[in-house]
Amino acid sequence: MLRDPKHRATTLRLLLVGLAVLALLALVPTTPSFAQVSGHVRVKIVKAGLLVGGGVGTGVLTYRGRNYPFRVAGLSLGVTAGASFGRLEGRASGIREVGDFAGSYSSVGGGAALIGGINGVQLRNDKGVTIVLQGPKAGLEFAANLSEIIISLR
């Protein structure tokens, strides 16, 4: 079968071309993955209001092994009365790069605290990042509202 010199030369050429292509592919640098990686989020927030509420806080996003401090500021419209302090923890998903985390988030929700309680929230921004947080809160508060929250990386 390989005794024919033409057939042997063709097989050898194909083998050399295949090896050359494999060698070139091994040398080409790989591009970074566009896969979305989730991050861990910790937030401390203070809220107060009567009809219109406001809140401010700080937090840390842990993403791909690095910590990114951020600030939170928010405004809520609806039924709001009281004041509370909360420590929330959870996940941020849909992040392609750390800059996607910053921005304006919206949420519809509510909650209550009488000295102590549990708080939970799910937020989403226009870059497709979703943050789900939960944790204890202390204070006296009742809220059922629409919230707009701004996160800025420090």
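The values are calculated or read from the model by the stated rules, or taken from the named source; none is laboratory data. These numbers were taken from a predicted model, which means no experiment stands behind them. Please note: Cβ atoms are built from the backbone with ideal geometry, for glycine as well, and neighbour counts cover all protein chains shown.
Taken as a whole, the condition of being modelled with pLDDT of 80 or more and not in a loop (DSSP other than H, G, I, E, B) applies to T58. Would you mind finding the one in P32, P69, P5 that is within 22 Å of the chain's Cα centre (by Cα), modelled with pLDDT under 90 and farther than 19 Å from V121 by Cα? It is P32. Are any of the residues in region 95-115 surrounded by 13 or more Cβ atoms within 10 Å (Cβ to Cβ), at pLDDT below 80 and in contact with a Lys or Arg (Cβ under 7 Å, 6 or more places away or on another chain)? Yes; the residues of region 95-115 include at least one that is surrounded by 13 or more Cβ atoms within 10 Å (Cβ to Cβ), at pLDDT below 80 and in contact with a Lys or Arg (Cβ under 7 Å, 6 or more places away or on another chain).
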